1. So is residue B:177 away from every other protein chain (no Cβ under 14 Å), closer than 16 Å to residue B:45 by Cα and either in a helix (DSSP H, G or I) or over 19 Å from the mean Cα position of the chain (by Cα) (or both) or not?
2. Only one residue in B:188, B:160 is farther than 30 Å from residue A:132 by Cα and either in contact with a helix residue (DSSP H, G or I) (Cβ under 9 Å, 6 or more places away or on another chain) or at pLDDT below 95 (or both). Which one?
3. Checking residue A:72 against (1) in contact with a strand residue (DSSP E or B) (Cβ under 7 Å, 6 or more places away or on another chain); (2) not assigned by TED's automatic domain parsing to the domain that holds residue A:32, which single condition isn't satisfied?
4. Are there any strands (runs of 3 or more DSSP E) wholly within the stretch A:129-246 with 3 or more residues that are touching a helix residue (DSSP H, G or I) at 6+ places or on another chain (Cβ under 8 Å) and surrounded by 21 or more Cβ atoms within 10 Å (Cβ to Cβ), and if so which?
5. Taking the conditions exactly as written (at pLDDT 95 or above and under 26 Å from residue B:198 (Cα atoms)), does residue B:33 satisfy them or not?
6. Of everything in the stretch A:52-81, what is farther than 18 Å from residue B:144 by Cα, within 14 Å of chain B (Cβ to nearest Cβ) and within 18 Å of the chain's Cα centre (by Cα)? Give them in sequence order.
7. Quick one: is residue A:84 in contact with a strand residue (DSSP E or B) (Cβ under 7 Å, 6 or more places away or on another chain), buried (at least 16 other Cβ atoms within 10 Å of the Cβ) and either more than 26 Å from residue A:4 (Cα to Cα) or within 14 Å of chain B (Cβ to nearest Cβ) (or both)?
8. For the stretch A:161-179, enumerate the residues that are in contact with a strand residue (DSSP E or B) (Cβ under 7 Å, 6 or more places away or on another chain) and more than 18 Å from residue A:127 (Cβ to Cβ).
């Protein structure tokens, strides 16, 4: 069963086309990694899934609900999809606890106690229970990103979107975030990840999508993507040879 | 220069009732504060709404707010005051007009005019500060707020405005001080605030230098206290780990 279905999506900024006829899907429990050179449209594509980026053509169906339909209650839909950003985007004026509970209370209508319990559960899972009363600015980048993942999980999402979750991190902090993501994947979370971490892709991805100039160039099983390099497009081979060189 | 300073003048009788000159200054200061505070409250509320409007998606609401700002900040304050006091009342519906011009006592109608004038003028400036405060935030903040399921209203209320207002406390402080200083234009339509009382004292007593020296000191002390108050507020709302806040 498809959790996220992207059907012939095209998007323009004025005359400039940023997405060209993108079609793919993410099944329930599947982990799909989206990679490609910068400016290839991967971040834009993942943001169309929860309508942070509008698109002009095609449609996206998330758990049976059309994202493009003007009648869709977008806040309600977004509340069911977790998203993790490149720059964490915790709310800096709120404590870690408040970051974890505010949307549960204001959007899902949970009681303070319930939100707190849930928030603490996930904060503990990402190993940061001791930081509950701090503010985001007092944590390292890796810690902030783990809190951001906990914030998304506390909403009980049906799928998680990751938009380059490790590319703003110091190298030594990348693994602590990837570890959390690997664990999530093993638990069967449906995940769509824009990332350059090919080690992560190799470890947990079911499928790999390669994008270039706004179009999906490759969309295949992980084993096929990494194992059968000769069958890949020239652009994908170039890209892989550059990022796998070292 | 040959001038006989006489600081006792403030304790001498004005010749009107049992009042001494100092009483005039006290009453003048009262009006100044009443005008400035009322105008500031309105300016802060209206300016915040306009500032938010300028950052909303779509065309109509931002355009309305922009037009407002351009109108009110490009016409001199004094011209605006005269418009509100001399011109606008003539265009009010008949009953309102009679009420404003005849039923109200002159001090009240002058008070209303100057409060409206200062509030609308300052709202344009507050609007610009609120707008820049919101625009100074990383774009990802509103994306993250929307992504957790917040509506646009919740995004502003819980995420954008609490941060934007913290950023703009320093420029808002100077706007807050400006409104006290600008309130002196009220003396030109006969409201007996601090400057008007100062001029009256100067004329009655002929102690011009003493009168204006005292007015200067009062304005200065008033504004310094407000500034101190605002820096306490700024300290109080500072975010740990951010914007120079304590780690």
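1. When the stated conditions are applied, residue B:177 does not pass them.
2. Details: B:160 fails: farther than 30 Å from residue A:132 by Cα.
When all the criteria are applied, what remains is B:188.
3. It is condition (2) that residue A:72 fails.
4. A:159-163, A:191-194, A:207-212
5. Yes: the conditions hold for residue B:33.
6. Matches in the stretch A:52-81: A:62 only.
7. Details: in contact with a strand residue (DSSP E or B) (Cβ under 7 Å, 6 or more places away or on another chain): yes; buried (at least 16 other Cβ atoms within 10 Å of the Cβ): yes; either more than 26 Å from residue A:4 (Cα to Cα) or within 14 Å of chain B (Cβ to nearest Cβ) (or both): yes.
Yes.
8. If the condition is that a residue be in contact with a strand residue (DSSP E or B) (Cβ under 7 Å, 6 or more places away or on another chain) and more than 18 Å from residue A:127 (Cβ to Cβ), then A:161, A:162, A:163, A:164 are the ones that fit.
The values are calculated or read from the model by the stated rules, or taken from the named source; none is laboratory data. Predicted, not measured: the structure shown is a model, and the values here were computed from it. Backbone-built Cβ (ideal geometry, glycine too); neighbour counts: all protein chains shown.
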